[in-house]
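Inspection log for the structure reproduced underneath, given as structure tokens.
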Amino acid sequence: MPRLMLTDADWSRLSSLLQLSGRVYNKTEHRLTLEGILYRMRTGCPWR
């Protein structure tokens, strides 16, 4: 199973949409946070 679910192309599209909202600024941690949320949803592990 791949460590990251989002490809670079997917992330570039998603980050541009997030920046258009005006609430999210460009920061590398946003991708890791989203990957963590996707991992949690995929595996069903609880937040600790």
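In nm, to one decimal, how far is the residue 17 label point from the residue 32 one, both placed 7 Å along Cα→Cβ?
Placing both labels 7 Å along Cα→Cβ, they lie 2.4 nm apart.
Leaving ligands, DNA and RNA out of it, rank 4, 17, 34 by accessible area with a 1.4 Å probe, largest first.
17, 4, 34
Roughly speaking, to the nearest percent, how much of the chain's 1.4 Å accessible area is carbon and sulfur?
Accessible surface attributable to carbon and sulfur in the chain totals 60 percent.
State in Å² the accessible area per residue of the chain; use a 1.4 Å probe, count heavy atoms of protein chains only, and round to the nearest integer.
89 Å²
Run the helix sum for the chain: -39,500 (n - 2.57) per DSSP H stretch of 4+ residues, divided by residue count, reported at 222 nm to the nearest 500 deg cm²/dmol.
-19500 deg cm²/dmol
Name the residue from 45, 9, 20 whose Cα lies farthest towards the positive end of the charge dipole of the chain, charges +1 on Cβ of Lys and Arg and -1 on Cβ of Asp and Glu.
Going by the Cα projections, it comes out as 45.
For residue 29, what accessible surface area do you get with a 1.4 Å probe? Give it in Å², rounded to 10.
90 Å²
Scale the Cα Rg of the chain by the rule-of-thumb value 2.2 N^0.38 Å and send over the ratio, two decimals.
1.24
Go through region 36-47 residue by residue and turn each phi into a ³J(HN,Hα) via Karplus (6.51, -1.76, 1.60, θ = phi - 60°); whole Hz please, and just put x for glycine and proline.
Going residue by residue, I get x, 5, 5, 4, 4, 5, 6, 9, x, 6, x, 6 Hz, with x marking Gly and Pro.
The values are calculated or read from the model by the stated rules, or taken from the named source; none is laboratory data. None of the values given here were measured: they were computed from a predicted structure. Every residue, glycine among them, receives a Cβ derived from its backbone with ideal geometry; neighbour counts consider all protein chains shown. Just so you know, the surface numbers come from the protein's heavy atoms only, side chains and all, with ligands and any DNA or RNA stripped out. Shrake-Rupley method; radii C 1.70, N 1.55, O 1.52, S 1.80 Å.
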